[in-house]
Amino acid sequence: MTKNESDPFWIAKSLDEMSNAEWESLCDGCARCCLNKLEDEDTGAIAWTDVGCTLLDGESCRCRDYPNRSATVPDCIRLTPEEVRTLSWLPPTCAYRLVEEGRDLYWWHPLVSGDPDTVHEAGISVRGRTVPEDEVPLERWEERIVSWPMRVPADTRKRKRRRREG
């Protein structure tokens, strides 16, 4: 992508160059990264579950205690540019991943649409698709494995193409 002065910050800057406010605004509020994942100890393969983090508000798709999340969930990963470059499980729709790969944001991202609800309307968020961690014993998480967090819904891709062509 060729960059120019009129480009939005997520095109004009690398992840490392962003201010804290710009960095935080890249989160589209999908909460896919807040789903619990299982890792195969032998292969390292990641399996996604529909079990939400104990702090995930399944309706708003936001953390109930974002500033203090590590105190409650010690293994919560704080995304940094380096983490974005090394985490293979970031969803393909993740704005941090897209920017790192030199790609533009999807039409439904709040920075593009101007509306925080488009991520839900496009079916990208976890809204209505999760169960709380506190309601599912760890030994039953394997029964909750899902594949949708690593997919981009086809209709969102089509709409993006039409928008770019139009």
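What follows is calculated from the coordinates using simple rules that are stated; it is not laboratory data. What you are looking at is a predicted structure, and each value in this text was computed from that prediction instead of being measured. Heads up, the Cβs are rebuilt from the backbone with ideal geometry, glycines too, and the neighbour counts pull from every protein chain shown.
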In terms of the charge dipole of the range 18-165, which places +1 on Lys and Arg and -1 on Asp and Glu at the beta carbon, the residue among Val131, Val146, Pro91 farthest towards the positive end is Pro91
If one compares the long axis through the Cα atoms of helix 154-165 with the longest principal axis of the Cα atoms of the chain, the angle in degrees, nearest 10, works out at 10 degrees
Here the Kirkwood hydrodynamic radius of the range 53-166, Cα-based and in Å, equals 16.0 Å
Candidates Asp134, Asp28, Asp42; GNM for the chain (alpha-carbon contacts under 10 Å) flags as most fluctuating Asp42
Once Lys and Arg are counted +1 and Asp and Glu -1 for all other residues with Cβ under 12 Å from that of Glu82, the total becomes -1
Counting every C-alpha pair in the range 23-116, the percent lying more than 20 Å apart is 41 percent
Rounded to the nearest whole number, the per residue volume of the convex hull around the C-alpha atoms of the range 6-52 in Å³ is 122 Å³
